[in-house]
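**Student:** Dropping the structure in here first, questions after.
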Amino acid sequence: MSSRTERPVSKIAATTMFYVLALGAGVMRTLSVAADYVAIGIHETLYPGLGIDTFVFGFASQWISFATTFTAVAVLSIRRQHAGAKRPLGFSLDPDFGRLRILPRKPMMYIALSGFFAGISTSAYYYLIGSEGADTVLPFGQLVIIYLLIGDLMAEKDTPTIVEIQCIISILFGVLIVGVETEGPGFNLGTLAIVLIPMNLSSAMTTYYQKKVKKLEIEPGLAVDTLNLRLWSLLVLNTVFSITAIPMAAPSAWMTLADIANALWAPMVAGSLATMFSVVMYVRALARGSMAVVNSLSAISVVLGIPVAIISGLLFPPYLWVDWATLQWILKIFGVILVIVGIIALEASDVRTIMIIKVKPETGDLLPQLFAVKGVESVSALAGEHDYLLSVKSRSLAKTRKLIVRKLEEIQGVQTINTLVVLKEYR
Amino acid sequence: MTITVYLLMDIEIGKTEQVLEKLQLIPEATKIAVTTGIYDIILRLEVDNLDELYTITLKIHSIPGIKETTTAVVEKMLYS
């Protein structure tokens, strides 16, 4: 274990770290998708035209993923001497990580809930990829960003600004356009309803509980680590998914389970490791930013999926060959531009301020009133020359002035407010 | 019990990056913010006791480029 007092401040600026984590999660997700392409390509090469039951494939893939994650977390628990202190190998992935362990009851409960909802979402996903017209409907899975935006509006203390919403919408439409299929069998409303309700709602709930658990402190200065979070939530996810998968697949299809696992274990292990890194980065990013923004940034995986699909098509022709029409290429390019513009604009619009407040003599405790103001992330009551120090997050200086400073000025007893705009921050 | 402390610093013109590099080496520093306004750098420390704070403060005072520091010990903190 390494509490915050035992770790030096990061050499990378906090905003840069946030974007590295959120975009990195998307890059890792792309690698995991690439591993899936390789697995399907190998299967098609070994058993041409035989097809694959998606639930059996998912069952093998999910349990191989659990075994891989368990082994990886056990290896990452090995301690070694680093910068004068004994730290586990997993420290560089998540400074909160100590070792493979059962976490206390409260975080375990949230982890179980996140795993439960992830299990429902995964079952819906495997059901859809085995059904007709999945390619056309699955891009709508990205609409989860809207659910998260609504969740942020209700749960977060900071209301998203117009700039933030514009960026999120730009990214969202970008990924929808990138994923759109101009040709295909079409889809029915029932299939779309599965994407929009059980799949997206469960994904949003998974993200919500992942964020909630990462915000918990199991002891002062020590948050729940993402490696144990991934491992135990995956166990619950697999249990829920298995309960759904067993009756869904035909009994004869289960006979192919051993063949699938034997033939495809290598790409499945590679995919599992990529997913583990993706979840670790995603949840660490969630601890630093709002759910909708993290999800929008990690949706870069949809854009990166284009070269992955092309390379897979070249590796395994004709099974995965990409044959897009000109219109589809134009749409994809527009989509990529929208995603990139959204990400850059979002990155450029983050404003953090520190406010130092002095109060009039004989003023009581203002801590709860100051903390209640939207946008205020933390308030510290100070001993000495100044009375309170506030850490404030907003999307524009105008919003800081209009919505936050004015609210603070209205609080009875506040004498002076000094606003310090943060140019660079290291955490 | 951990004590959280803010060190509010006034830095000589052109010395911010140099001071920042030295502050990043302090293991007890949990947050460093370069700011505009009445202070140039705000440093958050987490220490075990006031003795440790005294030692770190002396170390910080020896960093060239720091004009003035104000130490504010946190009595209570609320965060989201």
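Every number here is computed from the coordinates shown, using simple stated rules; none is lab data. A quick note: this is a predicted structure, and the numbers were derived from the prediction, not measured. Glycine also receives a Cβ, built like all others from the backbone with ideal geometry; neighbour counts cover every protein chain displayed.
**Student:** Taking the alpha-carbon distance from A:LYS424 and a cut-off under 15 Å, which aspartates and glutamates remain once sequence neighbours fewer than 8 residues away in the same chain are dropped?
**Tutor:** Answer for A:LYS424, where 15 Å is the Cα cut-off: A:GLU347, A:ASP350, B:GLU17, B:GLU21, B:ASP40, listed by chain and number.
**Student:** Specify the residue with the greatest mean-square fluctuation among A:THR16, A:THR239, A:THR226, computed from a Gaussian network of chain A linking alpha-carbon atoms under 10 Å apart.
**Tutor:** A:THR16
**Student:** Among A:THR206, A:PRO48, A:ALA299, whose Cα projects farthest towards the positive end of the dipole of the protein assembly as shown, with charges put on the beta-carbon of Lys, Arg (+1) and Asp, Glu (-1)?
**Tutor:** Towards the positive end, the residue furthest out is A:THR206.
**Student:** For a paramagnetic label modelled at 7 Å from the Cα of B:LYS59 toward its Cβ, which residues of the range B:1-43 fall within the zone defined by backbone nitrogen distances under 13 Å?
**Tutor:** B:22-30
**Student:** Residues of B:65-77, mean number of Cβ from any other protein chain within 10 Å of their own Cβ, rounded to a whole number?
**Tutor:** Values: counts 0, 0, 0, 0, 0, 5, 4, 11, 5, 7, 7, 7, 9.
Counting other chains' Cβ atoms within 10 Å and averaging over B:65-77 gives 4.
**Student:** Work out the FRET efficiency for A:TYR47 and A:ASN418 from their Cβ-Cβ distance, taking R0 = 60 Å, and round it to the nearest 0.05. All intermediate terms of the calculation are to be shown ahead of the outcome.
**Tutor:** On the way: r = 70 Å, r/R0 = 1.17.
The formula returns an efficiency of 0.30 here.
**Student:** Let me ask another. Stokes-Einstein at 4 °C, 1.567 mPa s, Kirkwood radius from Cα pairs: D for the range A:215-319 in µm² s⁻¹? All intermediate terms of the calculation are to be shown ahead of the outcome.
**Tutor:** Working: Rh = 17.2 Å.
Rounded to a whole number, D works out at 75 µm²/s.
**Student:** Still on this structure, please answer the following. Run the numbers on chain A and let me know its relative contact order in percent, using alpha-carbon pairs under 8 Å that are six or more apart.
**Tutor:** Working: 658 pairs, mean separation 122.0, N = 427.
That works out to 29 percent.
**Student:** Using Cβ counts within 10 Å as a stand-in for footprinting exposure, how do A:LYS11, B:LYS31 rank, fewest first? Mind dumping the intermediate values first?
**Tutor:** Values: A:LYS11 10, B:LYS31 19.
Arranged by neighbour count, lowest to highest, A:LYS11, B:LYS31 become A:LYS11, B:LYS31.
**Student:** Between A:LEU235 and B:ILE13, how high is the FRET efficiency from 1/(1 + (r/R0)^6) when r is the Cβ-Cβ distance and R₀ = 51 Å? Nearest 0.05.
**Tutor:** Numbers: r = 57 Å, r/R0 = 1.11.
Once rounded, the FRET efficiency stands at 0.35.
**Student:** Which log10 I(q)/I(0) values does the range A:66-155 give at q = 0.14, 0.22 Å⁻¹ under the Debye formula, counting every alpha carbon as one identical point scatterer?
**Tutor:** Summing over Cα pairs of the range A:66-155 leads to -0.82, -1.10.
**Student:** Okay, next question. What do you get for Rg/Rh over the range A:1-143 if you use C-alpha atoms and the Kirkwood form of Rh? Write down the numbers at each step before the final one.
**Tutor:** Details: Rg = 19.5 Å, Rh = 18.8 Å.
Ratio of gyration radius to Kirkwood radius for the range A:1-143: 1.04.
**Student:** Say each of A:ALA67 and A:TRP324 gets a label point 7 Å from the Cα, pointing the same way as Cα to Cβ; how far apart are those two points in nm?
**Tutor:** With each label placed 7 Å out from Cα toward Cβ, I get 3.7 nm.
**Student:** Between A:HIS82 and B:ASP48, take the C-beta separation as r, use R0 = 30 Å, and let me know the FRET efficiency to the nearest 0.05.
**Tutor:** Values: r = 21 Å, r/R0 = 0.71.
Efficiency for this residue pair is about 0.90.
**Student:** How many percent of the alpha carbon pairs in chain A exceed a separation of 30 Å? Walk me through the numbers before you get to the answer.
**Tutor:** Working: 43724 of 90951 pairs.
Within chain A, distances greater than 30 Å cover 48 percent of Cα pairs.
**Student:** State the volume of the convex hull built on the alpha-carbon positions of the range A:292-376, expressed per residue in Å³ and rounded to an integer. Walk me through the numbers before you get to the answer.
**Tutor:** Values: hull volume 10.9 nm³, N = 85.
With only Cα atoms used, the range A:292-376 gives 128 Å³ per residue.
**Student:** I've got another one for you. Of the listed peptides A:121-131, A:360-370, A:202-212, what is their order by residue-averaged count of other C-beta atoms within 10 Å, with the highest listed first?
**Tutor:** On the way: A:121-131: 20.6, A:360-370: 13.1, A:202-212: 23.0.
Per-residue mean Cβ counts within 10 Å order the peptides as A:202-212, A:121-131, A:360-370.
**Student:** Next question. Which of the residue pairs A:LYS212/B:LYS76; A:LYS212/B:LYS22; A:LYS211/A:LYS358; A:LYS211/A:LYS407 have a Cα-Cα distance greater than 30 Å in the structure shown?
**Tutor:** Numbers: A:LYS212/B:LYS76 23 Å; A:LYS212/B:LYS22 35 Å; A:LYS211/A:LYS358 34 Å; A:LYS211/A:LYS407 28 Å.
Table pairs above 30 Å Cα-Cα are A:LYS212/B:LYS22; A:LYS211/A:LYS358.
**Student:** Could you work out the mean count of beta carbons from other protein chains within 10 Å of each residue's beta carbon in B:22-34? Walk me through the numbers on the way to the answer.
**Tutor:** Values: counts 0, 2, 5, 3, 2, 8, 6, 6, 9, 8, 8, 13, 8.
The shielding value for this peptide is 6.
**Student:** For A:MET199, A:MET109, what ranking results if the residue with the fewest other Cβ atoms within 10 Å of its Cβ goes first? Before the final figure, lay out the partial values.
**Tutor:** Numbers: A:MET199 25, A:MET109 13.
Listed from fewest to most nearby Cβ atoms, that is A:MET109, A:MET199.
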